[in-house]
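The values are calculated or read from the model by the stated rules, or taken from the named source; none is laboratory data. These numbers were taken from a predicted model, which means no experiment stands behind them. Glycine gets a Cβ as well: all are built from the backbone with ideal geometry, and neighbour counts include every protein chain shown.
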C-alpha cells in the first residue's frame with residue numbers, strides 16, 4: 001500500500017531526528033512522527049499522576065519535570081516510568097490496521113480493539129476505560145455496534161481521534177467518515193462525538209498548516225474556530241443531542257477569561273476545580289484547549305497537565321501533541337523521548 005510504504009520509509013528516522021530539527025517543509029509522515037512522539041511522552045509523563053488530586057500531586061510530587069516515579073501512582077503503580085497507556089497503544093494499533101486495510105470502518109475498528117484487549121490482557125490489568133469495555137463486550141456478544149456505544153460519554157473516544165485524523169490524511173479518506181467509523185462502536189452520542197470532532201478539526205487545521213510550513217497561522221482564534229466547526233458536525237452525527245455540558249460552551253468560556261495573563265497555579269486550580277479534568281469528554285477536551293490557549297510551549301503543557309490532577313495522561317497526550325503541531329521549534333528532551341520510544345517499540349510501530 002502506497003500510504004504504508006511512505007510512512008515506513010520516514011518513521012524509523014523521524015522519531016529521533018524530529019527531536020533535534022524541524023526546519024524546512026514537513027512531510028505528512030514526519031508530522032505523524034512528531035505528533036505521536038509528543039502524544040506518547042505526554043501519556044507516559046502523565047500516567048503516574050492519573051486520578052490523583054491536585055493537592056496530592058503538589059504535596060507528594062511537586063513540580064513535574066520529566067518521567068514520574070510510578071510509586072506515586074494510584075492506577076499504574078505496576079508500570080515502569082517509561083510505559084505508555086491504552087491511550088497510545090489503541091491509537092497505534094488502530095492506525096496500523098487502518099493503513100493495512102486501506103480504510104477506516106466500524107468493523108475493523110471493533111476487530112482491532114478486541115485483538116488489542118486480548119493481546120494486552122487489558123481487562124485483568126484494568127487497562128481499558130469503562131465505556132469502551134462495556135461496548136466492546138456487548139458487540140462481542142452480538143450487540144449492534146451502533147447501539148453498543150450509546151452510553152459512552154467518556155474520553156475513551158476522543159483519545160482515539162488522532163489515528164482517525166492521520167488515517168484520513170494518509171489514505172485520502174473523508175475525515176468525518178473516519179472519525180465516525182473509529183468512534184461510534186464505543187462512543188455514539190453527542191457528548192463524545194461533539195468533543196471528538198472538535199478536537200479532530202482543530203488537529204487537522206494544525207497539521208495542514210504545519211505541512212504548508214506556516215504553523216504560525218494556527219492562531220488561537222483559528223484553532224478555536226476550527227474546533228467550534230467540528231463540535232457542530234460531531235453533535236449532528238449523534239442519534240440525539242444530550243442534555244449535557246459541551247466543548248463548544250467551554251471554548252466560549254475560556255476565550256473570555258484572559259487566561260494568558262494567569263499564573264500556572266491559577267490555571268491548574270481553574271482546570272481542576274471549575275472546568276474539570278475528569279473522564280467526561282467535555283472535561284478532557286476543555287482542558288486540552290485551555291492549555292493550548294494558555295501557552296504555546298508543548299513541553300510546558302506536558303508537565304503542567306501531569307500536575308493538574310484527574311485524567312492527566314489523556315489530557316497531557318492530547319494537549320501537548322496538538323501544541324507540537326503549532327510550535328515546531330520545541331523538542332522533547334532526550335532523557336524522556338529515548339526511553340519512551342525504545343521501551344514501547346514506537347520507532348517502528350507502522351512496520352509490518
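Looking for something under 23 Å from residue 234 (Cβ atoms), modelled with pLDDT of 95 or more and within 19 Å of the chain's Cα centre (by Cα) - is there at least one such residue anywhere in region 128-148?
Checking region 128-148: not a single residue is under 23 Å from residue 234 (Cβ atoms), modelled with pLDDT of 95 or more and within 19 Å of the chain's Cα centre (by Cα).
Hey, does region 313-335 have a residue that's in contact with a helix residue (DSSP H, G or I) (Cβ under 9 Å, 6 or more places away or on another chain), at pLDDT below 95 and part of a helix (DSSP H, G or I)?
So far as region 313-335 goes, yes, one or more of its residues are in contact with a helix residue (DSSP H, G or I) (Cβ under 9 Å, 6 or more places away or on another chain), at pLDDT below 95 and part of a helix (DSSP H, G or I).
Tally up the residues in region 111-124 that are touching a residue at least 24 places away in the same chain (Cβ under 8 Å) and surrounded by fewer than 18 Cβ atoms within 10 Å (Cβ to Cβ), please.
Within region 111-124, the first condition is being touching a residue at least 24 places away in the same chain (Cβ under 8 Å), and the residues that meet it are 113-114, 116, 120, 122.
Of the ones still in play, those that are also surrounded by fewer than 18 Cβ atoms within 10 Å (Cβ to Cβ) are 114, 120.
Of the residues in that region, 2 qualify.
So, in region 274-312, exactly how many residues are in a helix (DSSP H, G or I), under 25 Å from residue 186 (Cα atoms) and within 14 Å of the chain's Cα centre (by Cα)? Before you say what the answer is, go through the steps one by one.
Just the residues of region 274-312 that are in a helix (DSSP H, G or I), to begin with: 274-275, 281-294, 298-307, 312.
Checking which are under 25 Å from residue 186 (Cα atoms) leaves us with 275, 281-289, 312.
From what is left, the residues that are within 14 Å of the chain's Cα centre (by Cα) are 281-289, 312.
Selection size over region 274-312: 10.
Quick check on region 273-283. Is at least one of its residues touching a strand residue (DSSP E or B) at 6+ places or on another chain (Cβ under 9 Å) and under 26 Å from residue 31 (Cβ atoms)?
Checking region 273-283: at least one residue is touching a strand residue (DSSP E or B) at 6+ places or on another chain (Cβ under 9 Å) and under 26 Å from residue 31 (Cβ atoms).
When the residues of region 23-41 are narrowed to those that are within 17 Å of residue 329 (Cβ to Cβ), touching a residue at least 60 places away in the same chain (Cβ under 8 Å) and assigned to a loop (DSSP other than H, G, I, E, B), which ends up nearest to the chain's Cα centre (by Cα)?
26
Is it fair to say residue 128 is surrounded by 17 or more Cβ atoms within 10 Å (Cβ to Cβ) and either without any contact (Cβ under 8 Å) to a residue 24 or more places away in the chain or in a loop (DSSP other than H, G, I, E, B) (or both)?
Numbers: surrounded by 17 or more Cβ atoms within 10 Å (Cβ to Cβ): yes; either without any contact (Cβ under 8 Å) to a residue 24 or more places away in the chain or in a loop (DSSP other than H, G, I, E, B) (or both): yes.
So residue 128 passes the test.
Among 316, 309, which is on the phi > 0 side of the Ramachandran plot and either surrounded by 24 or more Cβ atoms within 10 Å (Cβ to Cβ) or without any contact (Cβ under 8 Å) to a residue 12 or more places away in the chain (or both)? I'd like the intermediate steps shown before the answer.
Working: 316 fails: on the phi > 0 side of the Ramachandran plot.
So the residue among 316, 309 that is on the phi > 0 side of the Ramachandran plot and either surrounded by 24 or more Cβ atoms within 10 Å (Cβ to Cβ) or without any contact (Cβ under 8 Å) to a residue 12 or more places away in the chain (or both) is 309.
Out of all the residues in region 248-257, which are in contact with a helix residue (DSSP H, G or I) (Cβ under 7 Å, 6 or more places away or on another chain) and either at pLDDT below 95 or within 14 Å of residue 276 (Cα to Cα) (or both)? Lay out the reasoning, then the answer.
Here is the first cut: in region 248-257, the ones in contact with a helix residue (DSSP H, G or I) (Cβ under 7 Å, 6 or more places away or on another chain) are 248, 250-251, 254-255.
Listed by number, the residues that qualify are 250, 251, 254.
Could you identify the single residue in 234, 230 that is touching a residue at least 40 places away in the same chain (Cβ under 8 Å), buried (at least 22 other Cβ atoms within 10 Å of the Cβ) and within 19 Å of residue 159 (Cβ to Cβ)? Walk me through how you get there before you give the answer.
On the way: 230 fails: touching a residue at least 40 places away in the same chain (Cβ under 8 Å).
The match here is 234.
Do the conditions hold for residue 157, that is, is it touching a helix residue (DSSP H, G or I) at 6+ places or on another chain (Cβ under 9 Å), free of Cβ contacts under 8 Å to residues at least 12 places away in the same chain and closer than 19 Å to residue 239 by Cβ? Step through it out loud before you land on a result.
On the way: touching a helix residue (DSSP H, G or I) at 6+ places or on another chain (Cβ under 9 Å): yes; free of Cβ contacts under 8 Å to residues at least 12 places away in the same chain: no; closer than 19 Å to residue 239 by Cβ: yes.
Here the answer is no, as residue 157 does not meet what is asked.
Name every residue in region 68-110 that is closer than 9 Å to residue 48 by Cα and buried (at least 21 other Cβ atoms within 10 Å of the Cβ), in order of residue number.
If the condition is that a residue be closer than 9 Å to residue 48 by Cα and buried (at least 21 other Cβ atoms within 10 Å of the Cβ), then 68, 76 are the ones that fit.
So, in region 72-106, how many residues would count as being touching a residue at least 12 places away in the same chain (Cβ under 8 Å) and assigned to a helix (DSSP H, G or I)?
17
Any residue in region 42-56 that is surrounded by fewer than 21 Cβ atoms within 10 Å (Cβ to Cβ) and more than 22 Å from the chain's Cα centre (by Cα)?
Start the filter on region 42-56 by keeping residues that are surrounded by fewer than 21 Cβ atoms within 10 Å (Cβ to Cβ), which leaves 51, 53-56.
From the residues that got through so far, the ones that are more than 22 Å from the chain's Cα centre (by Cα) too are 55-56.
The answer is yes, given that some residue of region 42-56 is surrounded by fewer than 21 Cβ atoms within 10 Å (Cβ to Cβ) and more than 22 Å from the chain's Cα centre (by Cα).
Determine whether residue 158 is over 16 Å from residue 282 (Cα atoms) and within 14 Å of the chain's Cα centre (by Cα).
The answer is no for residue 158.
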